[in-house]
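The numbers here are math on the coordinates, done by the rules we state, and not lab data. Treat the numbers as computed from the prediction; the structure is a model and nothing was measured. Don't worry about glycine lacking a Cβ; one is built from the backbone with ideal geometry, like all the others, and counts go over all protein chains shown.
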Amino acid sequence: MEEIRRAAAAYYENLPVANKRYARYIFSSMDKNGDGQINLKEYVEYLDKDNKTALAHPSLFRALDKNNNGSLDFEEVIVLYYITQSGRALFCKSCNTFLTDVYFSCSQCFFKGDSVSTFDICCDCYGGKKFEHHDGAIFCDNYTLLSRSRRLAVQASKKVNNLRK
């Protein structure tokens, strides 16, 4: 989770002023009692109201709560903002744990354009074979998939450039 926190801080630092104001607005909207802290009830109510019920999972709240005081301050909510804006809100398809670090995805589902899910699972579930997926599934970690995606994009770009010549 520490890497996500660092990425969130860097992301926030580089946001335009209007987006930073919007992040403050979200925090204020969540903080119903105005105490500068978001408790679990405020967190769940806000996300349910905003149709982000998957993010309302208590395990994500606990992961966001860096100092384990049972509430989220602005810095901790910025991590949530980053997660929602970046599409980083991924949960293990087997145990429903928030994926904070390296995880595995089905490469066939990942590269298939019409697939609803990339079937992402945590290292524990993958290593312990605690999941069910289609026969012949080939899993890769998220970093490997990123590298493969880059390679495919470069190859596709070269093909397009060759066709134009």
For the chain, max minus min Cα coordinate along each principal axis, in Å, sorted largest first? 59, 44, 27
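Relative to the Cα centre, what is the charge dipole magnitude of region 1-117, using +1 at the beta carbon of each Lys and Arg, -1 at the beta carbon of each Asp and Glu, and rounding to the nearest 20 debye?
Working: 14 positive and 15 negative charges, 51 e Å.
That gives a dipole near 240 debye.
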Check Leu72: other-chain or 5+ apart residues with amide H under 5 Å from its amide H, H built from backbone geometry? Ile38, Asn39
Along region 117-133, Karplus-curve 3J(HN,Hα) (6.51, -1.76, 1.60; θ = phi - 60°) to the nearest Hz, with x for Gly and Pro, reads 9, 8, 6, 8, 9, 6, 4, 4, 5, 5, x, x, 6, 9, 7, 10, 8
Length added when fully stretched, Ala18-Asn68, from 0.36 nm per residue minus Cα-Cα: 15.0 nm
